[in-house]
Structure formats: structure tokens, C-alpha cells
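Structure, as C-alpha cells:
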Amino acid sequence: MADPLETPAPLVEEPYLSNDPPPWAARGLASIILLLFAVAALASVIVHVPETVTAAFVLEPIRGTDPVRAFKDGIVTDLRTSEASTLSAGEVMFVIASPPIGDRAAEWESLKAQLAGTDARVANTQARHESEQKARIEEEAAQRARLASLDRTIQKNTEELALAGQLAQRQKKIYEEGISSWMDLARLQLEINRLEVEAEQAKADRENTRRTIERLQHENKAKESEFQESARSLQEDTAKARIRTAILEKELAQTGNQLTVAAPCAGSVLKLYIQSVGATVREGDLLADVDCAGEKLQAELSLPQDGIALVRQGQPVKLLYDAFPYQRYGVRMATISWVSPAGVAEKSGNMFRAFADLKDETVLVRGQKRPVAAGMGGRARIIVGRRSLVSYAFEPLRQLKESLTGAPNK
């Protein structure tokens, strides 16, 4: 029997749940962790992910925008276009009052008047040359006829002298025999002297006629050369005037001292640098930028220096447009077509340029295809290759190794 005065022993409360998991649960959790680690290790070796280089891009026409510039100094008197307006090829955009253009217009009019009288000058020169040539030919023909006549006269005088000489010999015999008188012999001798004088005169005339013919021939050659030189000089002056006129007509479309500046192509005005009438412009000043319609676009990329070594021609590019967020409209693809061999200086530092050909120039927006436009930009991701996940884990180790590497021994 227990003592009623004895203090009872305290009761120990058993826990509702045990703190130690059952053995099967610990073994299962360890197995799951080991399996996940094995799967992760295997995936890091087997799974390869795309390696990309990110760069900013902007769309530009392949041929670029066409700048419209002032040809000469002057003052803008008429502005016939505005920003975002559509132009046709050759449409007048600006009218500029320019004193140099007035001088050129006067020169152009003078050259036109000169060319208008060129045909008449050529015809008159040709007619005068033909008339002079005909007169020289007729004179030469007359001299040749006279030369032929003198040849016949000399031949006749020669024959007469021979006959007179025979008669004089016979007359002398008769005179010596006393049959004829001295007067008959003297008359015959006088006739012979006259014939000899006529023959000498005819020979002298023939020689003068020959020299005259030679002189006429030389004069004909000289006149012909002079005419050819004159015609050549006239043709040269005419050709120069025509070339100058063509240059003025091609360079300027003017009335008075007004210079009209026309659109170089059909397209849209991207930007106007002259916004009002009365602005003073200098030769070569930029007036406007025109985007020619139908120009094929390309993406111009600004590559960072840490990615230039990996970018090559032919690599695919993902274009993420700011105007068309890729989360809603997807990405558009392109292909690298050119990579700059040297960097260019920009505000953010030296950058390398690259061009990419677009594979799709439209974006589907609410069931409608919307074309991309010059000036749109965003981010470009160039796929330069594929890497395993484990290679990324070793990068800190390689970085540590390069940091601890000392200088090479000399």
C-alpha cells in the first residue's frame, strides 16, 4: 500500500509528431537529390544553347538616302514640298534666286544664239570656198589652154623657121649667081629674124604660163588647207558650244536667274533642312533628305568590340524591332552580309559596322502585313554558334587562371 504522503512522479508528454523522419523518407529524398544532380550534370554536357552577340541596329536603304543640295549660292524664293510628303521623280522642290545662275542663263542664251547661226556660217563658208575654188580651177584651165596654144605656136614657128632657112639658102645661091637682087635676100632674112623673135617670145610666154599654173596649184593647195583649218576651227567652236550648252541644260533648269532644285527620284521627304522662304544657302548646302521608293532595306549593326571576333559573313541574325515588340509580333530574321574590317569612332566609343540582309520586310499586325521602314531600329542578336552549359561553368576558372598567369620568361 502506497504511502499517501509520498510525492507522485511527473508525467512525460509524448510529442505529436516525431522530429526524426522515418528511414524510408530519408533514403527517398537522398535518391531524388542525387538523381537531380545526375540529370543536371548530364544536361550540362549534352544540352547546347545558342551563343549570341547583341548589337544595336537601324534599317537603312542599301543605296542610302538621296541628299538634295544647293548647286549655287542664292536665296530660297519658293518652297514647294514639306516633310513626309510624297514626290515624283523630277518634281520641283525648291526655287532659288541666284546671281551666278543669271550669268549662266545669259551664257546659255548666248550659246543658243551662236549655235543657231552656226549652220548659216558653215553654209556661207562652204559656198565661198566652192566659188573661189571654181574661179581658181577656171583660171588654171585658161592657163593650160594658153600653154597648149603657145606650144602650138612654138611648133609652128619652128617649122616656119626651118622652111625660111631653106628658102634663105636657096635665095643666097640665086643671089650669088646674079639671078635675084639683094633686096629679096634681105626681105627673107628679115622674115627669119621676125620668126626667131616670135619663137623666143612664145617660149618666154610658155615658161611664164607654166610658172603661173604652178603658182595657181600652190595657191589652190594653200586655200584648201586654209579652208580645212577654218572648217575645223568652226566645227571645234561649235562642238565646244554644244557641249557647254548641254552641260548648262543638264546642270540647271532655269528661267532668268531662278534655279529649280528637283527631286532625284520618286519617294518621300524624310527631313527638310530649309523650312522657310528667304533662307540664304551656299553652294553644296544640304536642303533635304529623300527616301527613294522601292529601295531595298538592310540592317546596319553597331557591333561591340567583345563580339567582333565571333561575327562572320553568313551568320543568322534575330532582329528585335522596337516598333514591333517581339513578345507580341515575334522576331524577324536576317543574314550577315558584310563586317567592317576596322572600327569607326562614335560617341560611345569605337564600334564596328556590319550589314545584314533582311529575309522578311513585313510584320503581321492584327492580320495585316505592315512593311518595315527606313529608320526603324532595335536590338540584333547574332547567332555565332552553340555552347554547352558546362562551358559557362568553367569560364570563372579560366578567368582565374588568366589572372594568376605571370609574365613570360625572357
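The values are calculated or read from the model by the stated rules, or taken from the named source; none is laboratory data. It should be emphasised that the depicted structure is a prediction, and the values quoted were computed from it without experimental measurement. When we count neighbours, we look across all protein chains shown, and the Cβ atoms used for this are built from the backbone with ideal geometry, even at glycine.
Some notes on this structure:
- Residue satisfying all of: in segment 316-346; within 32 Å of the chain's Cα centre (by Cα) and not in a strand (DSSP E or B); nearest to R381 (Cα to Cα) among these: S340
- Pairs with Cβ under 7 Å, 6+ apart, first in segment 350-367 and part of a loop (DSSP other than H, G, I, E, B), second modelled with pLDDT under 90 and surrounded by 12 or more Cβ atoms within 10 Å (Cβ to Cβ): E361/L297; E361/V372
- Which numbered condition T81 fails, given (1) at pLDDT 80 or above; (2) of a type in the set (V, I, T); (3) assigned to a strand (DSSP E or B): (3)
- Taking first residues from segment 92-111 that are surrounded by 16 or more Cβ atoms within 10 Å (Cβ to Cβ) and of a type in the set (F, W, Y) and partners that are modelled with pLDDT under 80 and assigned to a helix (DSSP H, G or I), the Cβ contacts under 9 Å between residues at least 6 apart in sequence or on separate chains come to W108/R244; W108/T245; W108/L248; W108/E249.
- Annotation: V269 fulfils all but one of (1) over 32 Å from the mean Cα position of the chain (by Cα); (2) at pLDDT 85 or above; the unmet one is (1).
- Test: S302 is surrounded by 14 or more Cβ atoms within 10 Å (Cβ to Cβ), modelled with pLDDT under 90 and either assigned to a strand (DSSP E or B) or touching a Phe, Trp or Tyr at 6+ places or on another chain (Cβ under 7 Å) (or both): yes
- Checking V311 against (1) part of a loop (DSSP other than H, G, I, E, B); (2) surrounded by fewer than 16 Cβ atoms within 10 Å (Cβ to Cβ), the condition it does not meet: (2)
- Looking only at segment 97-152, and only at residues there that are within 41 Å of the chain's Cα centre (by Cα) and of a type in the set (K, R), the one that is modelled with the lowest pLDDT: R104
- Matching option when the condition is at pLDDT below 80, within 30 Å of E295 (Cα to Cα) and either among the β-branched types (V, I, T) or in a helix (DSSP H, G or I) (or both), among I243, I247: I247
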